[in-house]
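Below is one structure; the comments refer to it alone.
The values are calculated or read from the model by the stated rules, or taken from the named source; none is laboratory data. Values in this document were obtained by computation on a predicted structure and should not be read as measured data. All Cβ positions, even for glycine, are placed from backbone atoms using ideal geometry, and neighbour counts span all protein chains on display. Quick note on the areas: whole protein, heavy atoms, side chains included, nothing else; ligands and nucleic acids left out. Shrake-Rupley method; radii C 1.70, N 1.55, O 1.52, S 1.80 Å.
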Amino acid sequence: MIFRSKADTLSKLSQTLSSAKILPQIMFTTQEWETNEQAIINQIIKTEWLKKGLIVRSSSLAEDQLETSYAGQFLSVSDVQSGQDCIDSINKVIASYGAQKSKDDQVLIQPMLRRSRMSGVAFSEDPNNGSPYYVINYINKKSDLSSVTDGS
């Protein structure tokens, strides 16, 4: 599998995984946001995810690559519950890309995952030195699970 962005990778995995579930998603580039903000917000509102909360996630082309992960480098905003908060959150996520922002960087929108019993990240090599080694980081608390995905 070739990694392009977090959003693209999750989209491809959602079509191939049989023993795990990836939540539905809406993804768009920063350039699409700049030119079609209202159409994107309308698409998000139609999903009705805002009623129970959604998460606005970073999906920079710099993230989750073979050579680098940049875990926790860019912003994600959880439990967004209104259209205006969604607009503000998307703008904050895009701003977190900083000076290296590309027009092809993406933003990933998903419904909030509630009542998760476990969350984790699996590696097929040691993230520190690249040696072939399986590493599984997980947390099984019912509280904030963001420490798994933010790199801490």
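As a summary of the residue check, D85 satisfies the conditions (1) touching a residue at least 24 places away in the same chain (Cβ under 8 Å); (2) more than 21 Å from S116 (Cα to Cα); (3) among the charged types (D, E, K, R) except for the one numbered (1).
If you go through segment 125-149 and keep only what is open to solvent by 80 Å² or more (accessible area, probe 1.4 Å), among the polar types (S, T, N, Q) and at pLDDT 70 or above, you end up with N128, N129.
Is it true that I45 is closer than 13 Å to C86 by Cα, open to solvent by less than 40 Å² (accessible area, probe 1.4 Å), of a type in the set (A, V, I, L, M) and in contact with a helix residue (DSSP H, G or I) (Cβ under 9 Å, 6 or more places away or on another chain)? Write out each step before concluding.
Values: closer than 13 Å to C86 by Cα: yes; open to solvent by less than 40 Å² (accessible area, probe 1.4 Å): no; of a type in the set (A, V, I, L, M): yes; in contact with a helix residue (DSSP H, G or I) (Cβ under 9 Å, 6 or more places away or on another chain): yes.
Against the criterion (closer than 13 Å to C86 by Cα, open to solvent by less than 40 Å² (accessible area, probe 1.4 Å), of a type in the set (A, V, I, L, M) and in contact with a helix residue (DSSP H, G or I) (Cβ under 9 Å, 6 or more places away or on another chain)), I45 does not qualify.
Residues that are open to solvent by 60 Å² or more (accessible area, probe 1.4 Å) and either at pLDDT 95 or above or closer than 23 Å to F74 by Cα (or both) within segment 1-13 comprise I2, F3, R4, K12, listed in sequence order.
One residue stands out in segment 21-74 among those that are in contact with a Leu (Cβ under 8 Å, 6 or more places away or on another chain) and part of a loop (DSSP other than H, G, I, E, B): the one that is modelled with the highest pLDDT, namely Q25.
Among the criteria (1) modelled with pLDDT of 80 or more; (2) more than 21 Å from S5 (Cβ to Cβ); (3) charged (D, E, K, R), the one R117 does not fulfil is (1). Per the conditions (1) modelled with pLDDT of 95 or more; (2) surrounded by fewer than 16 Cβ atoms within 10 Å (Cβ to Cβ), the sole criterion not satisfied by Q100 is (1).
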